[in-house]
Amino acid sequence: MAGRIVAATALAGLSLTVTTSPASAAPLSSESFHGAKIPSTGWMIGSPKGADSPCATAATATVAGFLPACREVLAGNGKADPDGEGAFRLTDNSSFNAGSLLFDKPIKADRGVSLEFDMYQYKGRPTTDKFGKRGADGIAFYIVDGATTKVDPGEAGGGLGYKGLSGAFVGIGFDEFGNFSSTPGGPGGPGLTPNSVAVRGSASAGYKYIFGKSLDPAVHPLANDAATQRADAKRHVTIDINSKNVMNVEVDFNNGKGPQPVVVDLDLDKLPGQEPLPKTLKVGWAAATGNASAVHEISGFQARTLDADLNLNVTDNGPWQAGQTGAYNLDVAVNANNGWSDDQVKLNWTIPAGVTATAAKGDGWTCTIAGQVVTCTSVTHVGPGNHYPPVKIDVAVGKTVAGTAVATGGIDIPTAVPGGVEANPADNKATSTVSVKAGPALIKLAVGGDKEITAGAGGKVTLTATNAPGAGPSSGPVTVNYEVGPGLTVNSAQGPGWTCTIAGQKVSCTRSDPLPPGGSYPPVAIDVTSAVDTVAGNVPTTALLVGVPGVTVTGGLVVKPAAAQAAVKVTSNPNPYVPGGKFTYTASAANPGPGAMNGASVKVTWPAAFKPLKWKCAATGGAVCPAAEGTGDVNVTVDLPAGGALTYTQVCQMPVGVTASFTASIAVVVPGTGCTAEKPCIATDTNKPALP
């Protein structure tokens, strides 16, 4: 049976770090236990019982100043793990064995501490009882007073090496067999509880049972007895103790479901029969086997100050009024159940479009404004349960903002150590939704419709009043006025919902229903005519919106000279026709002047019965017939000088007994005249026999 081993060498070979004044989430110590040569400085090994002694599984020899190699390696009966792939073995799977490992360097815990490690319980040699088949016994993680200078290992067996541990403050048993919750573990407890996590108190309190949680071995097995490879039994343990000495323990069972809480909010200052948590701590592990056994190993140990958990909250002085001012108040709180916030904190706040940040300040904060983003940084150290000084952001609300103004922001914390320094990033963000009352109505007046009219003809002008999006609704009467200049006359003015009056060349239309933001009233349609003798050119007009606020739109209508128009005519003789008698159709197109009508399109359409008959063309006034005679309909393009004309004549003998009606037409289109393609100059004649 090996005795207690104390490992100590010079600090020069130390592979872990200890910081006495930690910043937020600063590393306190770490040791992976993966290497072949692990300096033994600060580590104390205990082996109170059994043939095996604790060892570094990747070590190939026992060398002074380094953690020892395992007995089978030293005896030549086994191979060491590859360098970088090892662990620290507390026990092998021989029966009635015990081993422990203590980190004999005080850890300052006044600002909270987070402890993590991997544990492995595998290669089980189980026994069977009424609770089933399982290996033994388990692994205990323990905390002792940092002021303790001599720590002796506890008892083997079901006490997991914790019961009897000198200077013990609290022990957490990751107990496969179940005796840590029973008499072998100490006084109290529910009795043998396999596959459980149990907590026992200090040496001064007699290692009394405090808390336990039984786990379903089918879902959350602490051990994997059937495993022959370490990786298949890996369980990752996290133990957080905050600055108020409240402990939480989680185990990741390496099943893809993440860490599972096994001890929640256990107040270490109020454990029955013992003193509050010491200011400094030492930590360690112990394991034991009995008649049943298993390999018990650890690796990946890290200790750091507890991560801070910052929470961002925002309030505002809403509701706001468009065109007025407002303010955001940002509060950064440090969760009382986590660590100190010692690193630089950066706060970003993005305000919505239409809202402008005018100032940002807070004690201890340095703030900048860049467009819609306000950024504030602070290096103030804030303890758990406290708040940073508030940040106030003053804003100007745009005149067109209405409805809701949504702003968002969050806290950025630089990553100081692997894994970050923020325990719960989910509560680092905040959103503010402020109701914004619309400002006064902001109505604009648009003049549409015809921009030009022809002397002697008419046109239509429209007036449309539109309220700006984000403005307030109109209240009270809204009046639009329109006035035309000399030579123009207002004939009518109307629009749904409008009441309009006309006085000479002036129109006034009024309505009182509210105009919502972004809405438009139905347009006012105004018919305007120009006298034939109106001088061509721009005739001034004025549109006026009265109130909300007043808007004046000045403009004009362009008056064009009266357009030349071809004279078209179709006659038939006699009319009515006499069956059996002679009958003549005449269709003419003439240019009454004053200018030439070049490129005139002339189309004559005869009745269907007349199309085979011959027609003749006669030209006068300098006009020229394209063809002197022909049959069928006429479709020609000609130049008609002022005073010129073309006349088409068709003569026939009306058969006896005919009673049908006959219609002929002429259509003329002349570019730049009143005879347009859309509205040709047309004449028709319909002839039918006299009634009997």
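Among residues of segment 582-606 being at pLDDT 90 or above and assigned to a loop (DSSP other than H, G, I, E, B), the one that is farthest from Val669 (Cα to Cα) is Trp606.
Conditions (1) crowded, with 19+ Cβ neighbours inside 10 Å; (2) free of Cβ contacts under 8 Å to residues at least 12 places away in the same chain; (3) not assigned by TED's automatic domain parsing to the domain that holds Ser512, marked per residue:
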position	(1), (2), (3)
Thr431	no, no, yes
Glu452	no, no, no
Lys460	no, no, no
Leu463	yes, no, no
Pro473	no, no, no
Gly476	no, no, no
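Which is at pLDDT 90 or above, assigned to a loop (DSSP other than H, G, I, E, B) and over 30 Å from Asn245 (Cβ atoms), of Ala61, Ala51? Show your work before the answer.
On the way: Ala51 fails: at pLDDT 90 or above.
None of the other options fit; the residue is Ala61.
The set of residues from segment 315-337 being crowded, with 20+ Cβ neighbours inside 10 Å and either at pLDDT 90 or above or closer than 20 Å to Pro27 by Cα (or both) comprises Trp320, Gly326, Tyr328, Leu330, Val332, Val334.
A single member of Glu155, Glu176 is among the charged types (D, E, K, R), in contact with a Leu (Cβ under 6 Å, 6 or more places away or on another chain) and touching a residue at least 12 places away in the same chain (Cβ under 8 Å), and it is Glu176.
What number of residues in segment 336-351 are of a type in the set (Asp, Glu) and under 15 Å from Gly362 (Cβ atoms)? Walk me through how you get there before you give the answer.
As a first pass, look at segment 336-351 and keep what is of a type in the set (Asp, Glu): 342-343.
Checking which are under 15 Å from Gly362 (Cβ atoms) leaves us with none.
Residues meeting the conditions: 0.
Which of the residues spanning segment 319-356 are farther than 29 Å from Ala423 by Cα, touching a residue at least 60 places away in the same chain (Cβ under 8 Å) and assigned to a loop (DSSP other than H, G, I, E, B)?
Pass one, segment 319-356, residues farther than 29 Å from Ala423 by Cα: 319-327, 352-356.
Those left that are additionally touching a residue at least 60 places away in the same chain (Cβ under 8 Å): 319-327, 354.
Matches in segment 319-356: Pro319, Ala322, Gly323, Gln324, Gly354.
Of the strands (runs of 3 or more DSSP E) lying entirely inside segment 205-318, those carrying at least 3 residues that are in contact with a Lys or Arg (Cβ under 6 Å, 6 or more places away or on another chain) and not aliphatic (A, V, I, L, M) are 293-305.
Being of a type outside the set (Gly, Ala, Ser), more than 20 Å from Ala286 (Cα to Cα) and touching a Leu at 6+ places or on another chain (Cβ under 8 Å) is true of Val113. Looking across segment 619-647, the residues that are touching a residue at least 24 places away in the same chain (Cβ under 8 Å), part of a strand (DSSP E or B) and not hydroxyl-bearing (Ser, Thr, Tyr) come down to Ala619, Val634, Asn635, Val636, Val638, Asp639, Leu640, Ala645, Leu646. On inspection, Gly201 fails the criterion of being among the small types (Gly, Ala, Ser), in contact with a helix residue (DSSP H, G or I) (Cβ under 8 Å, 6 or more places away or on another chain) and either surrounded by 23 or more Cβ atoms within 10 Å (Cβ to Cβ) or farther than 30 Å from Gly86 by Cα (or both).
Of all the residues in segment 112-150, those that are over 26 Å from Arg230 (Cβ atoms) and in contact with an Asp or Glu (Cβ under 7 Å, 6 or more places away or on another chain) number 0. Reported count of residues in segment 124-175, each being assigned to a strand (DSSP E or B), closer than 23 Å to Leu215 by Cα and of a type in the set (Gly, Ala, Ser), is 6.
Filtered by the rule that a residue be surrounded by 15 or more Cβ atoms within 10 Å (Cβ to Cβ) and of a type in the set (D, E, K, R), segment 598-632 gives a lone residue, Lys603. When every residue of segment 97-109 is checked against the conditions, at least one turns out to be of a type in the set (S, T, N, Q), assigned by TED's automatic domain parsing to the domain that holds Ala223 and outside any loop (DSSP other than H, G, I, E, B). Taken over segment 582-613, the criterion of being small (Gly, Ala, Ser) and either within 17 Å of Asp633 (Cβ to Cβ) or within 60 Å of the chain's Cα centre (by Cα) (or both) is satisfied by Ala587, Ser588, Ala589, Ala600, Ser601, Ala608, Ala609.
Evaluation of Tyr120 against the conditions (1) buried (at least 20 other Cβ atoms within 10 Å of the Cβ); (2) part of a loop (DSSP other than H, G, I, E, B); (3) at pLDDT 90 or above shows that the sole unmet condition is (2).
Taking the conditions exactly as written (at positive phi and in the same structural domain as Ala231 (by TED's automatic domain parsing)), does Gly154 satisfy them or not? Steps first, please.
Values: at positive phi: no; in the same structural domain as Ala231 (by TED's automatic domain parsing): yes.
Spelling it out, it is not the case that Gly154 is at positive phi and in the same structural domain as Ala231 (by TED's automatic domain parsing).
For the residues Ser204, Ser181, Ser214, the requirement of being in the same structural domain as Phe131 (by TED's automatic domain parsing) and touching a residue at least 40 places away in the same chain (Cβ under 8 Å) singles out Ser204.
The values are calculated or read from the model by the stated rules, or taken from the named source; none is laboratory data. Bear in mind that the values here come from a model prediction, so they are computed numbers and not experimental data. Counting neighbours? That spans all protein chains shown, and the Cβs are built from the backbone with ideal geometry, glycine included.
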